[in-house]
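Undergrad: Take this structure first; my questions come after.
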Amino acid sequence: MEALSSQTAVEQALGAVDDAGSEQDAVFSLELSQDQRDIRDWVHGFAEQVVRPAAHEWDEREETPWPVIREAAKIGLYGFEGLAQFWMDPTGLTMPIVNEELFWGDAGIGMSIMGTTLAVAAIYSSGTPDQLVEWVPQCFGTADEPKVAAFCSSEPDAGSDVSAIRTTARYDESADEWVLNGQKAWATNGGIAEVHVVIASVDRELGSRGHAAFVVPPGANGLEQGAKVKKHGLRASHTADVHLDDCRVPSRCLLGGREKLDERLARAREGRGSRGQAAMKTFEVSRPTVGSQAVGIARAAYEYALDYAKERVQFGRPIVENQAIAFALADMKMEIDASRLLVWRAAWMGRAEKEFEAAEGSMSKLKAGEVAVWATERAIQILGGNGYTREYPVERMHRDAKIYTIFEGTSEIQRLVIARAISGARID
Ligand SMILES: Cc1cc2nc3c(=O)[nH]c(=O)nc-3n(C[C@H](O)[C@H](O)[C@H](O)COP(=O)(O)OP(=O)(O)OC[C@H]3O[C@@H](n4cnc5c(N)ncnc54)[C@H](O)[C@@H]3O)c2cc1C
């Protein structure tokens, strides 16, 4: 793939996203274009040759797989230029295709490569074009020296309930700086990131309407990594608390700028129109990408179990010749394909700026996450005792899959969002 310069890539991605709505109807097809197939095969090759062979080692080490990230950066798969090219696809399908292939290789390493996009998505959705150009390339570093970025929203007492965020941002007029204080929990790449995007409250009384997003630039004083989390799965991906102790950032680090923030706060204080709809739309747009990661894990487990079932002989014949096993595999294939279709539909809707009438983004993430947990458990069952050991990859895949019913909105929260969207009722 040909690399673009950072500046050009940022500008082209912005332009392409702006144009997407008008082009969209003509280009969407379930038959992938040559470009999409080329990118899929290219990522698949990397996942097969580089990611998979490294998966067991980095899961056991529970460390960020920097050598693999460097390999990805070297070939242009990790970096803003690559991401911009995936984003520029006007059908919206390239992002889920890339994620599915990468996470088919391994989810822990996949998250180490894709975790940065959480911060990038926040900069993209809240930042000005100038902020995008300044910060996004820094999130990734360079091909020779890649960096990662972190998005810090969750706190010990604010997970599903984002309105409970206690981290504060106070403006110090004399220094023209914002001062951040608080504790963030569960941040992917937290503390090891070059750029942290932090959600903080500028007015606690307004709940989530008093929140703003800040970039904490590289080397800022007052930001420190807290405890690193030891996890059930996704162990090659670094997750940690982040402490903000009088962390000072220049005023230009407020994403979207001061004028927009003041306008929004004034609207909220007067009880005028909420921007909740906009926030909801942002989630609907990002959730299919998360869903596609779960599809990748589920497909990996299904393929492994299918091959195993054809080879493993019991009672004088391959176990796949038992209906119980064959039907389980048939159900796995069907559910995985159904998940992918929901993911692609929502990805296309997001890119084409279609109205999300039934929270289709949430549907895709919910379905794919639950199918991944179920399918990986089925795969363990098909492998029997071997499936339960760390010598075979389906055990790791099952541990990795579980996070997809928890982060980026738990399954219960997705059901809440869908139920509210279809009923219009206030459901608690
Ligand atoms: C590996 C990992 C990586 C993560 N990465 C990040 C990151 O990069 N950045 C970040 O900001 N956060 C991150 N998170 C945090 C993640 O987003 C939260 O864990 C998630 O939002 C759930 O919040 P919680 O853990 O506090 O659970 P809680 O909100 O306490 O929920 C506990 C249970 O109660 C249920 N529940 C809560 N409210 C309701 C309700 N109204 N109705 C029905 N059920 C409800 C939930 O569904 C869940 O089953 C990460 C977490 C993990 C484990």
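Undergrad: Of the conditions (1) more than 10 Å from the ligand (Cβ to nearest atom); (2) open to solvent by less than 20 Å² (accessible area, probe 1.4 Å), Pro137 satisfies every one except a single condition; which number is it?
TA: (2)
Undergrad: Considering each of Ile403, Ile418 in turn, give the residue that is within 23 Å of Met111 (Cα to Cα) and within 15 Å of the ligand (Cβ to nearest atom).
TA: Residue meeting the stated conditions: Ile403.
Undergrad: Restricting segment 342-367 to residues that are touching a residue at least 60 places away in the same chain (Cβ under 8 Å), open to solvent by 50 Å² or more (accessible area, probe 1.4 Å) and in a helix (DSSP H, G or I), which is nearest to Phe28 (Cα to Cα)?
TA: Among those residues, the one meeting the criterion is Trp348.
Undergrad: Would you please list the contacts, defined by Cβ atoms under 7 Å and residues six or more apart or on different chains, that run from a residue in segment 400-416 that is closer than 17 Å to Trp186 by Cα to a residue that is within 6 Å of the ligand (Cβ to nearest atom) and open to solvent by 30 Å² or more (accessible area, probe 1.4 Å)?
TA: Here the result reads Thr410/Ser160, each pair linking segment 400-416 to a residue that is within 6 Å of the ligand (Cβ to nearest atom) and open to solvent by 30 Å² or more (accessible area, probe 1.4 Å).
Undergrad: Another question, then. Given the conditions (1) away from the ligand (no atom under 16 Å from the Cβ); (2) under 27 Å from Cys152 (Cα atoms); (3) assigned to a helix (DSSP H, G or I); (4) touching an Asp or Glu at 6+ places or on another chain (Cβ under 6 Å), and given that Arg396 satisfies all but one, which numbered condition is not satisfied?
TA: Looking at each condition in turn, Arg396 falls short on (1).
Undergrad: If only one of Glu412, Glu408 is within 12 Å of the ligand (Cβ to nearest atom), of a type in the set (Asp, Glu), open to solvent by 40 Å² or more (accessible area, probe 1.4 Å) and assigned to a helix (DSSP H, G or I), which one is it?
TA: Selected residue: Glu412, the only one of Glu412, Glu408 that is within 12 Å of the ligand (Cβ to nearest atom), of a type in the set (Asp, Glu), open to solvent by 40 Å² or more (accessible area, probe 1.4 Å) and assigned to a helix (DSSP H, G or I).
Undergrad: Now for a different question. Could you please find all residues in segment 141-158 being open to solvent by less than 50 Å² (accessible area, probe 1.4 Å), within 16 Å of the ligand (Cβ to nearest atom) and either touching a residue at least 40 places away in the same chain (Cβ under 8 Å) or β-branched (Val, Ile, Thr) (or both)?
TA: Across segment 141-158, the qualifying residues are Val148, Ala149, Ala150, Cys152, Ser153.
Undergrad: Identify the single condition in (1) closer than 30 Å to Leu261 by Cα; (2) more than 11 Å from the ligand (Cβ to nearest atom); (3) buried (at least 23 other Cβ atoms within 10 Å of the Cβ) that Arg166 does not satisfy, given that it satisfies every other one.
TA: (3) is the only condition that Arg166 fails.
Undergrad: I would also like to ask the following. Say we look at segment 357-393 and pick out the residues that are farther than 15 Å from Val295 by Cα and of a type in the set (Val, Ile, Thr); which of these is farthest from the ligand (Cβ to nearest atom)?
TA: Ile382
Undergrad: Quick one: Ala213 ticks every box in (1) outside any strand (DSSP E or B); (2) under 28 Å from Ala358 (Cα atoms) except a single one, so which number is it?
TA: Ala213 satisfies every listed condition except (1).
Undergrad: Right, next: Which ones in segment 174-223 are open to solvent by less than 30 Å² (accessible area, probe 1.4 Å) and among the hydroxyl-bearing types (Ser, Thr, Tyr)?
TA: Correct list: Thr188, Ser201.
The values are calculated or read from the model by the stated rules, or taken from the named source; none is laboratory data. This one's a predicted model, so the numbers in the text were calculated from it and none came from an experiment. In this analysis, Cβ positions are derived from the backbone assuming ideal geometry, glycine residues included, and neighbour counts consider all displayed protein chains. Remember, those area values only see protein heavy atoms, side chains included, never the ligands or the DNA or RNA. Shrake-Rupley method; radii C 1.70, N 1.55, O 1.52, S 1.80 Å.
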